[in-house]
Amino acid sequence: MNNLVIIPVILLLLLFYPLEGAFCQNYEIRGSVREWIKNYIEGPQDQGLMETRIKMELLSTMGESSAFHVKSYYIYDGIKKTGEWEFQEAYVDLYYGWGDFRFGKQIVAWGKADELNPTDILNPQRLGNFSEVKNIRKIGLMMFKGSFWLGENTLTFVWKPEFDYYRFPTDNPRFSFIPIPGLGELQPDLPENELKNTEWALKFERTIGLYDISVSYFEGWENIFTPIFTYDPNHQVQILDKLTFRRIKMFSADMAGSFHSFGVWTEAAYFRTEDSGGNDPAVKNPYIQIVAGTDYTFMNGLKVNLQYFKEYITMINNDSEEQMEESIMSRLGLGFPMRQAFSSRFSRDFGPSEQHSAEIFTLYDIDESGYMVQPKIIYSPEDALNLEFGLNLYGGGSESMFGRFKKNDEVYIKAEFSF
Amino acid sequence: MKTRSSIAALMLILSISWSDALLTAQEQMTGAQIMEKVDTRTVPVDSRMETIMKLIDKRGSVRERTLKSYRWGDDKQIMWFLAPADVKGSSFLKHTYDDRDDDMWLYLPSFGKVRRIASHAKKGSFMGSDFTYEDMGDRKLKDYEYKLMGEEKIDGKECWIVESIPNKGVVTDYSKIVSWVWKTEYMLIKEDFYDRRNQLKKKKVLEPVNVGKYWVAQFMSMENLKSKHKTEIYMNNIEVDTGLEEKLFDTRYMKRIHR
């Protein structure tokens with residue numbers, strides 16, 4: 001959505017805001033300033049990122065019955081010398097004894113796994129800088145969310161009239177997620193802007209014993225485009241023709257809790273992609289994505305978080321069909337085209353008030369033997385001031401995404417002050 | 001007149017005898033009985049307060065956190081962090097049970113979702129303070145063996161000293177906890193925590209205040225003797241029996257925006 005559109009959207013949201021709130025509400029402005037410099041360890045383009053990001057948030061509450069929240073970023077690209085405003089969220093909350101409602105541009109986080117969330121498909125992401133934190137990568141969209149409290153159960157309904165899709169780093173040849181010639185020049189064919197094309201989702205949650213569980217259903221569109229090729233008989237090659245989105249349905253479930261002393265969670269999603277003709281080879285058969293994870297904190301404070309991710313494609317009848325299915329990129333959930341992966345996160349807080357931390361995150365693509373390793377240290381000399389120093393290291397087989405990035409190892413420093 | 005004097009004299013004798021009997025009964029109490037009284041003492045139906053948490057390192061530099069906190073009896077507590085800016089919006093929910101481990105959840109706005117705190121993580125520090133998640137929870141009576149160690153007067157308050165040793169199989173960071181219990185109100189006012197090598201690790205001090213018909217803590221400190229780090233918690237604007245609804249103490253409320 002064009003950022004200019006956000007102004008009437010905010011005004012519209014204020015109409016939903018209780019009238020008396022205009023006279024007795026509390027306002028608060030808060031935010032942060034962040035400077036992030038990344039350099040490639042290997043040339044030729046040795047400057048990866050020089051970004052200043054100013055976050056501004058306006059929060060307003062009226063007692064405990066409603067709230068208004070706007071979150072925006074001013075992002076200045078120090079390499080291109082350009083700046084832009086991005087309104088990530090602007091919504092009104094209404095709180096009742098029997099439920100909560102949120103109207104407006106918002107982020108809805110689903111799933112209980114850590115970073116790898118197949119069920120978390122309501123907000124697509126900007127992967128231009130994929131070492132950015134997930135919450136900033138997400139694109140806020142116009143949605144209505146209603147949570148109804150039915151005894152111990154919560155039923156959440158989301159209606160999503162605005163559509164957007166995963167943005168890949170097409171303008172940075174060093175980080176090409178999808179190595180298809182001409183991809184950067186082509187604009188995807190978006191679903192028609194009609195009521196029947198709007199998306200919706202439903203989630204049912206409850207706690208059973210030591211486990212928080214939920215089941216959910218989503219009906220809408222893929223948020224990663226499908227490249228469609230046509231055959232050029234003159235040059236005898238496939239040419240990228242268009243980028244399309246297909247209707248999908250997702251059935252999913254997740255669970256988080258404790259097993260003995262371990263934190264455990266799992267998240268699974270079953271996707272059905274619409275194939276109107278019934279024989280389109282570019283449509284993947286129904287597939288399932290599963291994440292299972294555990295974490296543990298040792299006596300010395302070391303925290304370990306391990307996760308396993310797997311995608312299963314169903315209804316494959318023979319080897320050639322399997323080969324074809326494998327060549328179609330996963331369209332949902334992660335953004336990263338991986339079918340089997342393992343992640344680990346080792347972290348420890350240190351310092352007198354445990355205000356500093358050190359962490360190593362590793363994501364390993366099991367099928368293609370690619371890996372990403374991200375060690376970092378966060379030093380906090382004062383409250384609300386964090387200095388981060390880290391590395392993004394890539395490697396592995398040439399068929400893997402991370403293997404293709406192996407000459408793109410980065411070193412970075414990030415400073416953030418919150419106010 | 002004579003009859004009235006006799007009645008008054010009888011009442012005086014009875015009341016003295018009653019006090020003596022009470023005192024004698026108190027003096028004959030075991031460590032377990034004292035801790036049971038502590039566990040079942042009358043607390044507000046609900047309470048709300050503003051809390052300032054000061055984290056003080058060994059050089060004396062101070063980091064401050066501001067919280068808004070609601071309690072439902074001794075069983076449920078919800079807190080929202082109001083400051084500093086980088087933790088604002090975070091919230092913590094605790095449900096305490098007599099017969100099983102406490103449930104705890106943490107909401108961090110940067111993740112946008114509520115996460116249950118697994119039992120192993122309860123050894124970790126609560127938001128950088130000297131209180132672990134275990135310290136934030138309530139100890140189960142049945143999980144410890146108690147021994148009355150003696151008596152001591154602290155700040156003019158007569159106290160019992162009770163030693164609590166965890167039973168085999170109880171998951172805890174401590175080998176022993178020594179508690180000073182204020183006799184009049186069956187309230188903890190000081191505790192020493194010993195590590196697994198049986199060395200004194202942390203000291204907790206509470207200052208009670210009378211609010212309405214209850215005694216509640218208005219100040220609490222926890223000092224880690226090894227790291228020389230200290231956490232002071234000041235409870236301000238304490239209100240009791242305000243009519244809070246139990247349903248507020250639910251994960252659904254953790255995400256709500258608070259000031």
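The values are calculated or read from the model by the stated rules, or taken from the named source; none is laboratory data. Not measured: the values here are computed from a predicted model. Cβ sites come from the backbone with ideal geometry, for glycine too, and all protein chains shown count toward neighbours. Each accessible area value is taken on the protein alone, full model and side chains, heavy atoms only, with ligands, DNA and RNA left out. Shrake-Rupley method; radii C 1.70, N 1.55, O 1.52, S 1.80 Å.
Among the residues of the stretch B:26-79, those that are farther than 21 Å from B:GLN218 by Cβ, outside any helix (DSSP H, G or I) and among the polar types (S, T, N, Q) comprise B:GLN28, B:THR30, B:SER61. How many of the residues making up the stretch A:361-375 are charged (D, E, K, R), surrounded by fewer than 20 Cβ atoms within 10 Å (Cβ to Cβ) and under 21 Å from the mean Cα position of the chain (by Cα)? Qualifying residue count, the stretch A:361-375: 0. The sole residue among A:SER72, A:SER131 that is more than 10 Å from chain B (Cβ to nearest Cβ), open to solvent by less than 40 Å² (accessible area, probe 1.4 Å), over 23 Å from B:TYR253 (Cα atoms) and in a strand (DSSP E or B) is A:SER72.
Determine, yes or no, whether A:LEU202 is more than 14 Å from chain B (Cβ to nearest Cβ), among the hydrophobic types (A, V, I, L, M, F, W, C) and in a loop (DSSP other than H, G, I, E, B). No; evaluated as a whole, the condition is false for this residue.
Candidates in the stretch B:55-72 are the residues that are surrounded by 16 or more Cβ atoms within 10 Å (Cβ to Cβ) and more than 20 Å from the chain's Cα centre (by Cα); of these, the one that is farthest from the other protein chains (Cβ to nearest Cβ) is B:ILE56. Open to solvent by 50 Å² or more (accessible area, probe 1.4 Å) and over 16 Å from the mean Cα position of the chain (by Cα): is that true of B:LYS226 in this structure? Here the answer is yes, as B:LYS226 does meet what is asked. Checked against (1) of a type in the set (S, T, N, Q); (2) within 21 Å of A:THR226 (Cα to Cα); (3) open to solvent by less than 10 Å² (accessible area, probe 1.4 Å), A:SER176 passes all but condition (3). Say we look at the stretch A:377-408 and pick out the residues that are within 23 Å of A:GLY43 (Cβ to Cβ) and surrounded by fewer than 18 Cβ atoms within 10 Å (Cβ to Cβ); which of these is farthest from the other protein chains (Cβ to nearest Cβ)? By that ranking, first place goes to A:SER398. Can you tell which of B:SER110, B:SER90, B:SER125, B:SER129 is hydroxyl-bearing (Ser, Thr, Tyr), more than 9 Å from chain A (Cβ to nearest Cβ) and over 15 Å from B:THR172 (Cβ atoms)? None of the other options fit; the residue is B:SER90. Of all the numbered requirements in (1) open to solvent by 30 Å² or more (accessible area, probe 1.4 Å); (2) under 22 Å from B:TYR146 (Cβ atoms); (3) in contact with a strand residue (DSSP E or B) (Cβ under 8 Å, 6 or more places away or on another chain); (4) away from chain A (no Cβ under 14 Å), B:GLU239 misses one, and that requirement is (2). When each of A:GLY104, A:GLY99 is tested for being farther than 30 Å from A:ARG339 by Cβ, of a type outside the set (Lys, Arg), more than 9 Å from chain B (Cβ to nearest Cβ) and more than 13 Å from the chain's Cα centre (by Cα), the lone residue that passes is A:GLY104. Pairing residues of the stretch A:219-242 that are in contact (Cβ under 8 Å) with a residue 60 or more places away in the chain and assigned to a strand (DSSP E or B) with residues that are open to solvent by less than 40 Å² (accessible area, probe 1.4 Å) and among the polar types (S, T, N, Q), at Cβ distances under 8 Å and at least 6 apart in sequence or on separate chains, gives A:GLY220/A:THR198; A:THR226/A:THR244. Restrict the check to the stretch B:26-39 and report whether at least one residue is surrounded by fewer than 20 Cβ atoms within 10 Å (Cβ to Cβ), modelled with pLDDT of 90 or more and closer than 27 Å to A:SER32 by Cβ. No; the residues of the stretch B:26-39 include none that is surrounded by fewer than 20 Cβ atoms within 10 Å (Cβ to Cβ), modelled with pLDDT of 90 or more and closer than 27 Å to A:SER32 by Cβ. Residue check: A:PHE148 meets all listed conditions (1) part of a loop (DSSP other than H, G, I, E, B); (2) open to solvent by 10 Å² or more (accessible area, probe 1.4 Å) but one, namely (1).
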